[in-house]
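Participant: This is the structure, below, for whatever I ask next.
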Amino acid sequence: MRKNLSLYVHIPFCVKKCIYCDFLSFEAGQDFCRLPGNERKQYLHALCMEIMSYRSVSDRYMINTVFIGGGTPSILMPGDISLIMATIRSVFKLRPDAEITIEVNPGTLDAEKAEEYIRLGINRISIGLQSVHEEELRMLGRIHNYDQFMASFQTAREAGFHNINVDIMSALPKQTIHSYLETIEKVLKCSPEHISAYSLMVEAGTPLSEDEELIAALPEEDAERKMYEATGILLQAAGYRRYEISNYAKEGYACRHNIVYWSLGEYLGFGLGAASFFEGRRFSNTRDLLLYLHTVCDGAVKEQRPEALRRLLQKIQIRDEDVNTERLMEEYMFLGLRMMKGVSAEDFYTYFGHSLYEVYGEVIKRHIRTGLLLDEGGIVRLTDRGIDVSNVVLSDFLLDP
Ligand code: SF4
């Protein structure tokens, strides 16, 4: 029987780099795709070669979800995503009901691209809005405004997308509770099927982290907490079910791809820096664009056999040697408890061959006493109070080295 597998495809290009972004993406400019002989073609070629290098193992798997993320996949030209999807379909067998997501950013999506995505069987689109306020967007270095977001949303609906996610952000510089509530209100008016609501994190090494003025303009802790609480109250009142600490969906629209990550399911990542958890190994592709392009493209010229190309790729992959059962148990609990459905003792046993209470009995019982966790018939999950202080609870699930 074929095993379930998910695929991630990384497109590491954006029109402009946002000041808070520590994702692996390069500023490519508005005309990136129109330049002849640019890196786009080489990158697509390498990506497809990498996907094809799995031809010899792909018949063991059935693809449950595909996620084309970035970066900004919608920066690519019509035809590019067709090439990626055709390559995937030529190598892997996709379930008829596979969830296939593409990430897009306002200002880079048009009707031609959206219709192409639909024709390719892409059935979920994720739009990075972050805020409806021009000043907040400008401070973050985003290229779009609210009208462009609305145009993208409309374009996606008209093309035939019935499963749309909108990303919003709280705790932005100069953001007030009032301005954040306006963002939520306007997003709810669009009625997307899914909303991801994250707080801005100031990551070391980003331009934001060095901008003292903007750092000083970040909301106070109290305001940030109120934004966080308002998110839960307003989205749930509007019919969205919180299924993970930062993710809300209408019934039946939880993101299956993310649930694979959060349940420690297997996935393969293709493209620059893409991470995989495959056949018990964790590894990531190099983050060096030239090294990636040369290794894959030169390798593909010299080596026609998929296994030989895979071996070449392995030479430039960073292998996580630290994967052991204890590490996986910790991750299983961190990620599992962030989901509202919690962790099933039975699933834990199936995954690890150890009883959940044998490994974590002491900490679970302690937090049941503090009212932060509950166990309902073998399903351990955070209480409402536990969700609010989840970091405190989750850190207790670290196992001694
Ligand atoms: S659009 Fe997204 S990936 Fe691109 S720079 Fe901005 S935050 Fe980073």
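The values are calculated or read from the model by the stated rules, or taken from the named source; none is laboratory data. The shown structure was predicted, so the numbers you read here are calculated from the model rather than taken from an experiment. Positions of Cβ are backbone-derived with ideal geometry, glycine not excepted, and every protein chain shown enters the neighbour counts. SASA here: full protein model, heavy atoms, side chains in, ligands and nucleic acids out. Shrake-Rupley method; radii C 1.70, N 1.55, O 1.52, S 1.80 Å.
Participant: Answer with yes or no whether Pro96 is away from the ligand (no atom under 16 Å from the Cβ), at negative phi, open to solvent by 10 Å² or more (accessible area, probe 1.4 Å) and at pLDDT below 95.
Facilitator: Against the criterion (away from the ligand (no atom under 16 Å from the Cβ), at negative phi, open to solvent by 10 Å² or more (accessible area, probe 1.4 Å) and at pLDDT below 95), Pro96 does not qualify.
Participant: Out of the residues in the stretch 1-46 meeting the condition of being modelled with pLDDT under 95 and among the polar types (S, T, N, Q), tell me which one is nearest to the ligand (Cβ to nearest atom).
Facilitator: Ser25
Participant: Could you pull out the residue among Phe13, Phe26 that is open to solvent by 30 Å² or more (accessible area, probe 1.4 Å) and closer than 30 Å to Leu218 by Cβ?
Facilitator: Phe26
Participant: Right, another one. Go through the stretch 283-304 and give me each residue that's without any contact (Cβ under 8 Å) to a residue 60 or more places away in the chain and open to solvent by 50 Å² or more (accessible area, probe 1.4 Å).
Facilitator: Of everything in the stretch 283-304, those that are without any contact (Cβ under 8 Å) to a residue 60 or more places away in the chain and open to solvent by 50 Å² or more (accessible area, probe 1.4 Å) turn out to be Asp288, Leu290, Leu291, His294, Asp298, Val301, Lys302, Glu303, Gln304.
Participant: Continuing with this model, one more query. Hey, among the residues in the stretch 73-93 that are at pLDDT 95 or above and outside any helix (DSSP H, G or I), which one's nearest to the ligand (Cβ to nearest atom)?
Facilitator: Here the residue is Phe92.
Participant: Look at Tyr54 and say whether it is within 15 Å of the ligand (Cβ to nearest atom), outside any helix (DSSP H, G or I), hydroxyl-bearing (Ser, Thr, Tyr) and farther than 17 Å from Ile127 by Cα.
Facilitator: no
Participant: Within the stretch 342-371, restricting attention to residues that are open to solvent by less than 60 Å² (accessible area, probe 1.4 Å) and within 27 Å of the chain's Cα centre (by Cα), which residue is nearest to Ala230 (Cα to Cα)? Full working, then the answer.
Facilitator: Taking the stretch 342-371 as the starting set, the residues that turn out to be open to solvent by less than 60 Å² (accessible area, probe 1.4 Å) are 342-345, 348, 352-353, 355-356, 359-361, 363-364, 367, 371.
Narrowing the set further to residues that are within 27 Å of the chain's Cα centre (by Cα) leaves 342-345, 348, 352.
Details: Gly342: 23, Val343: 26, Ser344: 29, Ala345: 32, Phe348: 33, Phe352: 38 Å.
Of everything passing the filter in the stretch 342-371, Gly342 is nearest to Ala230 (Cα to Cα).
Participant: Starting from the stretch 156-167, keep only residues that are at pLDDT 95 or above, then list their pairs with residues that are assigned to a helix (DSSP H, G or I) and open to solvent by less than 10 Å² (accessible area, probe 1.4 Å) whose Cβ atoms are within a distance under 6 Å, requiring at least 6 positions of separation or different chains.
Facilitator: Cβ pairs passing all conditions: Ala156/Ala114; Ala159/Ala114; Ile164/Ala156; Val166/Val187.
Participant: Return the total of residues in the stretch 105-125 being in contact (Cβ under 8 Å) with a residue 60 or more places away in the chain and either farther than 17 Å from Ile75 by Cβ or open to solvent by less than 10 Å² (accessible area, probe 1.4 Å) (or both). Spell out the reasoning first.
Facilitator: Taking the stretch 105-125 as the starting set, the residues that turn out to be in contact (Cβ under 8 Å) with a residue 60 or more places away in the chain are 105, 107-108, 124.
Adding the requirement that they be either farther than 17 Å from Ile75 by Cβ or open to solvent by less than 10 Å² (accessible area, probe 1.4 Å) (or both) leaves 124.
The total comes to 1.
Participant: Within the set of pairs 6+ apart or on separate chains, which have a first residue in the stretch 328-355 that is in a loop (DSSP other than H, G, I, E, B), a second that is surrounded by fewer than 16 Cβ atoms within 10 Å (Cβ to Cβ) and basic (Lys, Arg), and C-beta atoms under 8 Å apart?
Facilitator: Final answer for the pair search is Met340/Arg241.
Participant: Do any helices (runs of 4 or more DSSP H) lying entirely in the stretch 132-222 carry at least 1 residues that are over 29 Å from Lys250 (Cα atoms) and out of contact with any Asp or Glu (no Cβ under 8 Å at 6 or more places or on another chain), and which ones are they?
Facilitator: 134-140, 212-216
Participant: Now for a separate question. Can you tell me how many residues in the stretch 165-177 are within 16 Å of the ligand (Cβ to nearest atom) and open to solvent by less than 20 Å² (accessible area, probe 1.4 Å)?
Facilitator: Adding up the residues that qualify gives 7.
Participant: Related question: Can you go through Leu399, Leu394, Leu374 and tell me which one is part of a helix (DSSP H, G or I) and surrounded by 12 or more Cβ atoms within 10 Å (Cβ to Cβ)?
Facilitator: On inspection, the qualifying residue turns out to be Leu394.
Participant: Conditions: (1) open to solvent by less than 40 Å² (accessible area, probe 1.4 Å); (2) more than 16 Å from the ligand (Cβ to nearest atom). Gly70 meets all but one. Number of the miss?
Facilitator: (2)
Participant: Further, regarding this structure: Among the listed residues Gly232, Gly299, which satisfies the condition of being closer than 30 Å to Ala98 by Cα and of a type outside the set (Val, Ile, Thr)?
Facilitator: The unique qualifying residue is Gly232.
Participant: Now for a different question. If a residue has to be more than 14 Å from the ligand (Cβ to nearest atom), open to solvent by less than 40 Å² (accessible area, probe 1.4 Å) and in contact with a strand residue (DSSP E or B) (Cβ under 8 Å, 6 or more places away or on another chain) to count, how many in the stretch 126-164 make the cut?
Facilitator: Number satisfying all stated conditions: 5.
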